[in-house]
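The values are calculated or read from the model by the stated rules, or taken from the named source; none is laboratory data. All of these numbers come straight from a predicted model, not from anything done at the bench. Neighbour counts run over all protein chains shown; Cβ positions are idealised from the backbone, glycine included. These area figures cover heavy atoms from the full protein model, side chains too; ligands, DNA and RNA do not enter into them. Shrake-Rupley method; radii C 1.70, N 1.55, O 1.52, S 1.80 Å.
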Amino acid sequence: MGRSERGAVLGPLESEVMNVLWGAGEALPVRAVLDELNRERTAPLAYTTVMTVLSRLADRGVARRRRAGRGYVYQAELGSPADIAVRQLLDDYGDAALASFVDHVDGDERLRSRLRRLVDEP
Amino acid sequence: MTRDRPLLVLLAAAAASYPALVLGWCVAALLGTVPAARELWLAGHPGALAAALLVLMAAVAVGNAARVLVRGLWQTWRFHRWVARRRVPPSGRAHAALAGWDAVAPVRLVGTRQPLAATAGLWRPYVVISSGLVAELGGAELRAVLAHEEAHARRRDPLRLLLGRALAAHLWFLPLAAEMCGRARRGYELAADRHAADRCGRAAVAGALLRLVSAPMSTASTAAFADPGFLRARVSQLESGQPPRAGALPRGRTALTMSGALAFVLTVSGAWMVMLLTCPGMAGL
């Protein structure tokens with residue numbers, strides 16, 4: 001994926017934030033992301049700026065947010081800019097003129113058990 | 001459009017609304033050009049106000065439908081470009097799977113790790129699968145996904161989806177229209193699953209669903225189709241072999257739709273009143 005296409009999927013700061021999340025491989029609080037981003041910056045980013053970016057990424061489904069104590073921690077939901085591009089494609093086009101095999105991810109274990117029974121049946 | 005009842009309902013409702021919308025435009029022309037009609041408007045006659053409301057509803061309806069159609073065509077074109085940019089020649093497992101596949105619609109492979117299977121294209125639909133999907137699924141499961149998408153392509157479901165959305169946007173004052181559009185979409189998915197199960201066996205379809213919902217990189221919900229019960233309906237259909245019964249219409253939307261229909265009838269009556277008062281000769285028609 002070229003730079004221009006990556007730019008169309010993620011903004012510059014969003015790309016930096018996602019790089020931190022991908023690099024960590026685990027859920028991080030806003031403060032940890034902020035510290036990592038500010039490590040080599042001459043003009044440090046504000047806490048609220050990073051929190052807003054993380055929140056926006058979570059709203060778009062690119063990052064996953066869950067409560068931890070009194071705050072939230074964030075983790076990358078998708079593995080690469082290419083995956084984000086596909087997600088964005090489905091979000092953009094799945095609604096209008098695209099029929100896709102799996103639109104919905106359901107974490108219901110009982111449903112998976114029913115699917116397993118169907119797979120295993122003779 | 002065999003057994004596509006939701007889309008037929010939408011088509012019938014939109015067709016039924018058109019004479020009234022044309023009436024609205026006629027009355028708008030009268031209000032703009034005929035002094036007697038203008039006097040009714042200036043006097044605040046309820047019929048003139050109702051006619052103005054009808055004109056407004058017609059303008060929003062046509063504007064909404066045009067917006068959805070243009071957006072759909074634009075998105076389709078952009079998706080074609082996206083596929084063209086990322087298209088890769090089938091190799092390894094993808095080649096083996098596609099070589100033995102009696103394709104009804106063209107199948108295009110795109111190079112991306114995200115599992116993706118979709119049907120795109122309005123008049124000549126084609127199936128798109130990603131290298132991530134090929135890596136995720138076994139041969140039988142991949143064929144089940146191809147059969148599912150083939151059913152979409154054969155019925156031109158992307159075109160139906162776009163048409164349904166445009167009709168629902170046109171009928172914006174009837175909230176059940178959006179519900180009909182959603183039912184149509186769910187119906188297409190269930191029909192495609194039945195086709196895939198007939199062609200490849202239900203174990204293969206179930207296996208593909210299981211792998212994709214369990215995959216860590218699986219495509220998550222699209223904003224407009226995050227229906228938590230729908231996967232359950234697909235599994236139930238695979239188990240029973242019968243399409244699940246459509247649930248009852250939501251009460252809130254039904255009530256709003258009845259209110260919208262009543263408002264529509266009232267505005268049409270007002271428009272007729274203006275027409276009869278300004279063109280007395282029409283009373284004898």
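A single member of B:86, B:78, B:113, B:71 is facing chain A (nearest Cβ under 9 Å), at pLDDT below 90 and open to solvent by less than 60 Å² (accessible area, probe 1.4 Å), and it is B:86.
Restricting attention to the range A:36-55, the residues being of a type in the set (Gly, Ala, Ser) and part of a loop (DSSP other than H, G, I, E, B) number 2. Would you check if there is a residue in the range B:166-176 being within 29 Å of residue B:251 (Cα to Cα), at the interface with chain A (Cβ under 10 Å from one of its Cβ atoms) and in contact (Cβ under 8 Å) with a residue 24 or more places away in the chain? Yes, the conditions are met somewhere in the range B:166-176. Once the range B:148-159 is narrowed to residues that are at the interface with chain A (Cβ under 10 Å from one of its Cβ atoms) and buried (at least 23 other Cβ atoms within 10 Å of the Cβ), the residue that is nearest to residue A:119 (Cα to Cα) is B:148. Once the range B:45-62 is narrowed to residues that are farther than 13 Å from residue B:275 by Cβ and open to solvent by 40 Å² or more (accessible area, probe 1.4 Å), the residue that is farthest from the other protein chains (Cβ to nearest Cβ) is B:46. Check the range B:84-99 and report whether any residue there is in a loop (DSSP other than H, G, I, E, B) and either under 15 Å from the mean Cα position of the chain (by Cα) or touching a residue at least 60 places away in the same chain (Cβ under 8 Å) (or both). No, the range B:84-99 contains no residue that is in a loop (DSSP other than H, G, I, E, B) and either under 15 Å from the mean Cα position of the chain (by Cα) or touching a residue at least 60 places away in the same chain (Cβ under 8 Å) (or both). Applying the criterion of at least 2 residues that are over 20 Å from the mean Cα position of the chain (by Cα), at pLDDT 90 or above and hydrophobic (A, V, I, L, M, F, W, C) to the helices (runs of 4 or more DSSP H) found wholly in the range B:145-224 leaves B:176-200, B:202-214. With respect to residue B:121, is the statement that it is at pLDDT 85 or above, crowded, with 21+ Cβ neighbours inside 10 Å and small (Gly, Ala, Ser) true? Yes; evaluated as a whole, the condition is true for this residue. Any residue at all in the range B:30-43 that's among the hydroxyl-bearing types (Ser, Thr, Tyr), open to solvent by 60 Å² or more (accessible area, probe 1.4 Å) and more than 27 Å from the chain's Cα centre (by Cα)? Checking the range B:30-43: at least one residue is among the hydroxyl-bearing types (Ser, Thr, Tyr), open to solvent by 60 Å² or more (accessible area, probe 1.4 Å) and more than 27 Å from the chain's Cα centre (by Cα). Note on the range A:26-47: residues that are without any contact (Cβ under 8 Å) to a residue 24 or more places away in the chain, exposed (fewer than 15 other Cβ atoms within 10 Å of the Cβ) and under 19 Å from the mean Cα position of the chain (by Cα) amount to 1. Would you check if there is a residue in the range B:116-126 being within 14 Å of chain A (Cβ to nearest Cβ) and over 24 Å from residue B:161 (Cβ atoms)? No - not one qualifying residue is present in the range B:116-126. Just one of the listed residues (A:32, A:8) is in a helix (DSSP H, G or I) and at pLDDT below 90, namely A:8.
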